[in-house]
Every structure is written in C-alpha cells, then in structure tokens.
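Take a look at the structure below.
The values are calculated or read from the model by the stated rules, or taken from the named source; none is laboratory data. As the structure is a computational prediction, the values presented were derived from the model and not from experiment. Ideal geometry is used to build each Cβ from the backbone, glycine not excepted, and the neighbour counts take in all protein chains shown. For accessibility, only protein heavy atoms count, side chains too; no ligands or nucleic acids. Shrake-Rupley method; radii C 1.70, N 1.55, O 1.52, S 1.80 Å.
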Amino acid sequence: MKVIWVDTLGMGASSTMPYAELVATLRAAGCVFAEDEARVLTEAARDDASLAWMLARRVAGEPLELVVGFADFCGLRIAVAPGVFVPRQRSSALVRAAAAGLAAGDVVVDLCCGTGALGAALAAGVPGLEVYAADVDPDAVACARRNLPPDRVFEGDLYEALPGDLRGRVAALVVNAPYVPTDDIALMPPEARDHEHRVALDGGADGLDVQRGVVAGAGAWLAPGGRLLIESSRAQAPVTAALMAAAGLATAITLDDEVDGTVVIGTRS
C-alpha cells in the first residue's frame with residue numbers, strides 16, 4: 001500500500017514509503033498508537049519530503065501534535081505551539097460538565113487556558129457564549145489567540161489578567177491549572193516534561209498551589225449560580241473539593257471513566 005495525498009491544487013502525490021513501513025518505524029520508536037499516528041502524519045503531509053521531515057521529528061521524540069501543528073480535541077483542530085500545554089482528551093470531561101446548563105449569552109472564562117482549547121470547544125458546542133481566556137505564559141496567550149477571538153485572550157497571573165467588567169458575571173469558570181506535584185514531573189512522559197513549559201505542569205509540592213489561588217479568587221468573579229470547574233486527579237479531587245467548600249461554594253465531583261477525566265465543581269449559591 002502506498003500513501004496518497006491530495007495537495008491544494010487537487011493533484012495527487014504518491015509516497016515512496018509503504019504505509020506498513022511507516023507504521024513499523026513509528027512502532028520501533030516506541031509509539032504505542034503507531035497506526036493512528038501514521039494516519040495523522042500522512043493526512044498532514046504535503047509530499048514525500050514533508051512526510052520524511054515529520055517522521056524524523058516524531059521518531060526523535062517530538063510530540064505528534066507539535067509535528068503536525070494541531071491537536072484533535074472535542075471535534076476541533078486546535079492549533080498548538082512549542083512549549084504550550086497540549087490539550088489532553090481527558091479534558092473533554094471538563095468541557096462536557098461545563099456545557100451542561102450553559103446558554104447563549106452566558107459568560108465563560110477559560111483560566112490557565114494554554115491553547116484555549118476548553119474555551120474553543122465550549123464556544124463551538126454552545127453557540128452564542130461570550131468566551132474569554134487568560135494565561136500567565138506569553139507563548140500560551142499567543143497560541144490561544146489563534147484558537148479564540150484574539151481580543152478576548154489576556155496575559156497575566158490568574159484573575160489579574162481579566163477585564164474588571166467580568167467581575168460577578170461569569171457563568172462558568174473552566175480551569176485546567178497545572179496539578180502535577182513538583183517531584184512527579186520527572187516521572188511524566190518525555191513528550192510532556194521535555195516539550196511543555198514548566199509553568200504549565202508544576203502545581204507545587206502537592207500539585208494544588210495554583211488551584212488554591214484559583215479557588216480563593218473565584219467567588220468575586222462568578223455570577224450568582226455560576227460554577228467553577230477544575231480538572232483534577234482522582235486522588236486530589238477530594239482536597240480540591242474541600243478548598244471549594246471552605247470558600248463557600250457548593251461542591252460536587254464528576255468522574256468520566258470513558259476519558260479518565262475528573263472534574264471538581266463548585267457552585268456559587
């Protein structure tokens with residue numbers, strides 16, 4: 001079998017590398033989902049040269065999403081960039097939990113936004129939302145502005161980045177803050193620890209330092225009945241819920257076994 005592309009002029013190009021050889025090369029490099037990755041690479045490649053270039057980068061350990069320039073997330077192609085946190089499929093649980101109860105005209109904030117994938121997925125899933133995003137990392141902000149309206153993506157530390165007129169108006173505050181304990185970063189897959197900025201991963205000694213800041217400031221920004229939704233691990237979720245309860249929010253924990261996602265929800269009464 002040979003791989004066929006259709007270029008932007010509509011003319012077919014045939015790869016000299018058999019598909020089975022491409023899969024075998026990826027598998028030998030340690031790619032667990034070699035067949036899926038081969039499909040993504042061949043669909044993204046323009047010709048033999050670009051396929052060879054992308055394959056070499058992937059075999060060298062560069063994340064697939066950075067090699068092709070996008071991540072598939074909630075049915076969208078999310079633009080990614082070097083150093084910026086790549087959206088994980090487990091975060092789709094956060095999107096689904098947030099979308100429940102939202103309607104056109106509601107204000108949503110994607111805090112610690114990275115690529116802005118959460119905000120983009122919610123905007124696509126619930127038409128008419130007023131979506132804003134913020135991140136402390138300037139590279140993440142630049143990337144998120146490719147996935148969301150640029151004038152609604154802000155740079156700064158948590159709530160300091162947000163326009164003051166959003167205070168008390170937010171229906172859903174969605175947050176995938178870094179929650180990996182500092183000492184556990186060395187145990188992460190190299191695709192993450194070697195290619196994503198430390199600020200996107202490091203949650204402090206217990207992984208919850210950034211979440212504490214998020215929870216402490218949330219009440220001032222949520223509308224009555226507004227929800228704070230934070231991605232967490234199953235082990236950390238009860239602690240995150242306790243932080244929310246101490247801040248006066250009614251709490252719940254949602255587990256999504258399909259994507260191994262855990263979401264802690266705090267509602268302002």
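What to note about this one:
- Of all residues in the range 15-46, those that are over 22 Å from GLY69 (Cβ atoms), surrounded by 11 or more Cβ atoms within 10 Å (Cβ to Cβ) and at pLDDT below 85 total 1.
- Residue in the range 2-14 that is at pLDDT 85 or above and surrounded by 15 or more Cβ atoms within 10 Å (Cβ to Cβ) present: no
- Where helices (runs of 4 or more DSSP H) fall entirely within the range 123-228, those with at least 1 residues that are modelled with pLDDT of 95 or more and touching a Pro at 6+ places or on another chain (Cβ under 7 Å) are at 209-218.
- Single match in LEU51, LEU102 (criterion: part of a loop (DSSP other than H, G, I, E, B), in contact (Cβ under 8 Å) with a residue 24 or more places away in the chain and open to solvent by less than 30 Å² (accessible area, probe 1.4 Å)): LEU102
- Of the residues making up the range 197-230, just one is under 14 Å from ASP110 (Cα atoms) and basic (Lys, Arg), namely ARG227.
- Pair list, Cβ < 9 Å and 6+ apart or interchain, from the range 245-266 residues that are surrounded by 13 or more Cβ atoms within 10 Å (Cβ to Cβ) to residues that are among the acidic types (Asp, Glu): GLY261/GLU231; THR262/GLU231; THR262/ASP256; VAL263/GLU231; VAL263/ASP256; VAL264/GLU231
- Residues of the range 227-244 that turn out to be within 22 Å of the chain's Cα centre (by Cα) and either of a type in the set (Lys, Arg) or surrounded by 14 or more Cβ atoms within 10 Å (Cβ to Cβ) (or both), as a count: 12
- Cβ-Cβ distances below 7 Å connect the following pairs, each with a first residue in the range 145-166 that is among the acidic types (Asp, Glu), a second residue that is crowded, with 16+ Cβ neighbours inside 10 Å and part of a loop (DSSP other than H, G, I, E, B), and a separation of six or more residues or different chains: ASP157/VAL136.
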